[in-house]
Amino acid sequence: MGRLVMVQCNKKLPLLLLLGLALAGCNAASSDAHECSRGSECASGACNAGHCVPLASGGSAGAAGSASGGAAGQATGGSAGVSGGAGGTSATGGSGAGFCAPNHDGVIDRAETPLAAGLNAKFLVSGQAAVDSAGTAQGDGSRSWDFSAGLSGDHLVLVETQPLEGKWFATKFPGASYAARLSESSDLLGVFEVTNTSLLLRGVVSPADGLTRTELTYAPAVVVLDFPLKEGKTWSTSANVNGLAQGVLAAYTESYESSIDAHGSLKAPFGEFPVLRTRVVLTRKVGIVTTVVRSYLFGSECFGTVASLVAKDNVATTEVSEAAELRRLAP
C-alpha cells in the first residue's frame, strides 16, 4: 500500500523533467525592439507581442534572478534555469557572467542551455485540455505548434530552482546542483545534477525531514537531457528507485525513452520560438502494475523549455489529442 501511495504522489514525475530542463525566465521585449510577426525574424529567435525579444547579454539577472549559483546543467526539462532568458542570460556553463546568442543552427548545445539554482520563471498551466501534439506540418519538413490560446483551467505558476544549501537532504546527494518542485498537486522535490554533457535526475524528496519523509534515489541517475540536442538523437535510462515514500519503504523501476523527433516553431503566451521537440516515454513498474506516461518538451536555444505537454496515463499513440496538463512560458 505504501508503494501505491508513493506512485500517486509521484504521478507527475515527467513534469519534473519538463520543468527541470531549463527555466526560461524572460523579460518582456522593450518598446523600441524591432517589430516582428515570427520568431525567425529576430536575432534572438523569439518574437513577443509584435517585438523582437532582445539578445541576452552581460549575464544580468533579468526576470529570472541571479545565476551566481554557477552552472546547473540542463530541464524539466524539466527541471535548471536560464538566467534572465530574454533580458540577460548566463550561457557559459560556469560563472553566470556569459553571453548567449542563438545561432539558429538547429542544434542546442550545452552552452545554449544555461542552468543554475536560484532561478524562476512563469508558466501558464492548463488542466485537461484538447491539444494537437503533432502540430501542423510545413512544406520544409518542419512543424508549427500554437499553444498561445487560453485553455480550460489555465493559471499562472512560478517555477523555481532551489539551492541545496541548508536543506535536510543536501548531504545525501553529493554533487547535486539544485532541487525543483515536481508538480502543484504535490510538494515533492526532484534533485538534479548538472554535468558538462547532461542533466541528471538523482532523486525525489520531501521538503521536510521526519518519520513521514520521502527520500528516493535513482540508480543509475536518469539522463534528462543529453547534449548536444539535435533532431534524430535518442537516449534512454532504466533506473531502480529505492528508499522511503511518506515514511514507507518503497522499491520500483522506471524506464525513460527520449527522442528528439521534430523541429519547427511554437507560439506560447510569451511569444514565438524556434524549437526542437523531445518526446519522452516513461514506463513505471510497481509490482505487477505498469503505467506509461508520454510527455513532449519544446526547447529553444538560450531560452530552454518554452512549453511542455503531459498526456494522460497509458495512451498508446505517438501523438495525442488531449493533455493532462500543458505548460507554456508566460510574460
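Values quoted throughout were computed directly from the atomic coordinates according to the rules given, and no laboratory measurement underlies them. What you are looking at is a predicted structure, and each value in this text was computed from that prediction instead of being measured. Positions of Cβ are backbone-derived with ideal geometry, glycine not excepted, and every protein chain shown enters the neighbour counts.
When the convex hull of its Cα atoms is viewed from all sides, the stretch 250-305 shows a mean projected area of 5.2 nm².
Placing unit charges on the Cβ atoms only, positive for Lys and Arg and negative for Asp and Glu, gives the stretch 151-224 a dipole magnitude near 240 debye about its Cα centre. A crude spin-label estimate for the pair V289 and D187, with each label 7 Å from Cα along the Cβ direction, gives 2.4 nm.
Directionally averaged projected area (the stretch 167-238, Cα convex hull): 5.9 nm². For D146, the amide hydrogen comes within under 5 Å of the amide hydrogens of K267, counting only partners 5 or more places away or on other chains and with H modelled in the peptide plane. With the convex hull drawn over the C-alpha atoms of the stretch 208-331, the volume per residue is 140 Å³.
With +1 assigned to the C-beta of every Lys and Arg and -1 to the C-beta of every Asp and Glu, and no other charges, what is the dipole magnitude of the stretch 173-331 about the Cα centre in debye, to the nearest 20?
80 debye
Between E231 and S255, the FRET efficiency estimated from the beta carbon spacing at R0 = 25 angstrom works out to 0.65. Projecting the Cα atoms of T195, N103, A130 onto the dipole axis of the stretch 91-209, where Lys and Arg carry +1 and Asp and Glu carry -1 at the beta carbon, places T195 farthest toward the positive end. Legend: residue pairs K122/K285; K230/K312; K167/K312, Cα-Cα distance threshold 29 Å; pairs beyond threshold, K122/K285; K167/K312. Paramagnetic label reach from S144 (point 7 Å along Cα→Cβ; backbone nitrogen cut-off under 18 Å): within the stretch 265-288, residues 265-277.
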